[in-house]
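Trainee: Sending over a structure as C-alpha cells; questions will come in a sec.
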Amino acid sequence: MQLSEIIEKTNEFLAEEFEIDVTKITPEANLKDTLELDSLDYIDLVVVIESNFNFKVKPEDFVGIVTFQDFYTYVENRVNAPELV
Amino acid sequence: MPAWEGRSKGPAWGFRFFVTVLKIGGVMPAYVVLRFVTLYYVLFSHKSTKSVLHFLHKLGYGKGASLLKLVQNYYLFGQTLIDKVVMMSGIKNKFTFNFDGEEHLLKMVQLGKGGLLLSAHIGNWEIAGHLLKRLGAPINVVMYDGEQQQIKEYLDSVTGKRNMNVIVIKNDTSHIFKINAALQNNEFVCMHADRFVAGNKTITGNFLGQYAKFPLGPFILAARFKVPVSFVFAMKESSTHYHFFATDIQDYSAVPKDVVTGQILDDFIKAMETKVKQYPEQWYNYYDFWQ
C-alpha cells in the first residue's frame with residue numbers, strides 16, 4: 001500500500017471515529033492531543049487500526065508514536081512488512 | 001465523590017502476624033485471632049461501617065439484622081484474606097469447592113477468541129482467579145496497584161508469585177495493548193467492573209434501586225473488542241467451602257454500538273444484584289458506592 005493511500009485512509013477513519021475536523025490532522029500535529037485521546041480511546045484506536053489495515057497491534061507498537069507522521073510511518077511499516085513463516 | 005481511594009486495608013505488620021499464625025497453627029487458629037480484629041473494625045472503622053450499613057439498608061435489612069451482618073461482613077472479609085494466602089502458598093487446608101458454570105468457560109476456550117471475565121469486590125475474587133487455573137488457558141488479571149509495596153512484596157514472598165499474569169493499570173496506555181494482545185492469544189482477561197478511581201471515566205447504572213457509577217473501561221473493552229464475556233464470582237459458603245459461579249457466555253458482537261456498553265453494564269449489574277442478595281455479608285466495597 002502506498003504511503004499516500006495510508007495517509008488518506010488513516011485521516012478519514014480517525015476524523016470519523018474521534019469526531020474531529022480532518023483539516024486538523026497534519027503530519028506534525030500531536031496524535032494524542034489532536035484526537036484528545038484518553039486511555040479508553042486507545043481501545044477504539046486499536047480496533048479501527050486492526051479493522052482498516054488488517055494487522056494486529058502489538059503492545060510495544062505505540063512506544064515512540066507522537067505525531068501523525070510517526071503514525072503513518074508505523075502503519076506503512078506494518079502493512080508492507082513481509083509475512084514471517 | 002463515591003470512588004475507591006486506591007488503597008487496600010490493613011498495615012503490613014498485620015499481614016505478617018497472620019501469616020505467622022497460619023504457619024504455626026493453620027487456618028482455624030487464624031480465624032480465632034481474626035475475631036478480635038473483627039471487633040476492632042466494628043468498633044473503630046466508622047467510614048467502612050457506614051458504607052456497609054448503607055448497603056444493607058438498600059437490601060432491606062433492619063437495624064438489628066444489619067449490625068449482625070456487619071460483624072459477619074468484617075469477619076468474612078478477614079477470612080478471604082487469610083484464605084487467599086493459604087491457598088496460594090500451599091498451606092495445608094480443608095477447603096472444598098464447587099464450580100457452577102465452569103463448562104461455559106471451557107467453551108470460551110474452545111471458541112478461540114479469548115474471554116473477558118468480569119467480577120466485583122464481593123466474595124473472594126482472588127480465589128476465583130486462582131481457581132481459574134483449572135481451565136488450562138493462560139489467565140491475565142487486570143488490577144490497580146493498590147497494595148502498599150511492602151505488603152505486596154511480603155505476600156509474594158509467602159505465596160510465591162501469582163501463577164497468572166498481572167496487567168497493572170497505569171497512567172500510560174500500555175495495559176490496553178496488553179489486554180488486546182492477551183485476548184488475541186486466546187487467553188482469559190479478568191477484571192473488576194465495580195470499582196473506579198477518581199478521575200476515571202464512568203458509566204451510570206441502577207444498582208439496588210439507586211444510580212451508581214461504575215468504571216467505564218471494562219464495559220468499553222467488552223463492547224469494542226467483541227470477545228465473549230462471562231461474569232464470575234467465588235462466594236464463601238462455610239468456613240471451608242467456596243462456590244464458584246460463572247454465567248453463560250455473553251456475546252455482544254451483534255449489539256449496536258450506541259447501546260452495547262449500556263447493555264453489558266445492565267447484565268453485569270443484574271449478576272451482581274443476584275449475588276449480593278444471596279450473600280449480603282460478602283460486599284467488600286468499603287466506601288459510599290452510590291452518588
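Trainee: Run lengths n ≥ 4 of DSSP H only: what is the helix-derived mean residue ellipticity at 222 nm for the protein assembly as shown, with -39500 (n - 2.57) per run over all residues, to the nearest 500?
Mentor: Calculated at 222 nm, the ellipticity per residue is -16000 deg cm²/dmol.
Trainee: Using only the alpha carbons, work out the radius of gyration and Dmax of the protein assembly as shown in angstrom.
Mentor: Expressed in Å, the Cα Rg and Dmax of the protein assembly as shown come to 22.7, 73.
Trainee: So how do B:198-207, B:35-44 stack up, highest first, on mean other-Cβ count within 10 Å? Mind showing how you got there, number by number?
Mentor: On the way: B:198-207: 15.0, B:35-44: 13.5.
Highest-to-lowest ranking by the protection proxy: B:198-207, B:35-44.
Trainee: Next question. Please identify the longest segment of chain A free of exposed GluC sites (Glu not before Pro), where exposed means a DSSP state other than H, G, I, E or B and no more than 16 other Cβ atoms within 10 Å. The partial results should precede the final answer.
Mentor: Numbers: sites that count: A:Glu19, A:Glu28, A:Glu36, A:Glu60, A:Glu83.
Excluding the exposed sites themselves, the longest stretch runs over A:37-59.
Trainee: Taking only the alpha-carbon positions of chain B and ignoring solvent, what does the Debye formula give for the base-10 log of I(q)/I(0) at q = 0.10, 0.13, 0.16 Å⁻¹?
Mentor: Those come out to -0.53, -0.93, -1.46, one per q.
Trainee: Going through the cross-link list B:Lys107/B:Lys201; A:Lys56/B:Lys201; B:Lys113/B:Lys133; B:Lys50/B:Lys94, which pairs have a Cα-Cα distance over 28 Å in this structure?
Mentor: Working: B:Lys107/B:Lys201 32 Å; A:Lys56/B:Lys201 26 Å; B:Lys113/B:Lys133 18 Å; B:Lys50/B:Lys94 34 Å.
Over 28 Å apart, Cα to Cα: B:Lys107/B:Lys201; B:Lys50/B:Lys94.
Trainee: What translational diffusion coefficient, to the nearest whole µm²/s, does chain A have by Stokes-Einstein, given a Kirkwood radius computed over alpha-carbon pairs, a temperature of 20 °C and 1.002 mPa s viscosity?
Mentor: Values: Rh = 13.1 Å.
Diffusion coefficient, whole number: 163 µm²/s.
Trainee: I would also like to ask the following. How do B:Met108, A:Met1 line up, fewest other C-beta atoms within 10 Å first?
Mentor: Details: B:Met108 24, A:Met1 11.
Lowest to highest Cβ neighbour count: A:Met1, B:Met108.
Trainee: Something else: Would you please name the trypsin sites (Lys or Arg not before Pro) within segment B:214-267 that are DSSP coil residues with at most 14 other C-beta atoms within 10 Å of their C-beta?
Mentor: Working: sites: B:Arg224, B:Lys226, B:Lys236, B:Lys257; in loops: B:Lys226.
Qualifying residues, ordered by number: none.
None of the figures in this text is laboratory data; all of them are computed from the coordinates on show. Everything quoted here is computed from the prediction, not taken from an experiment. Counting neighbours? That spans all protein chains shown, and the Cβs are built from the backbone with ideal geometry, glycine included.
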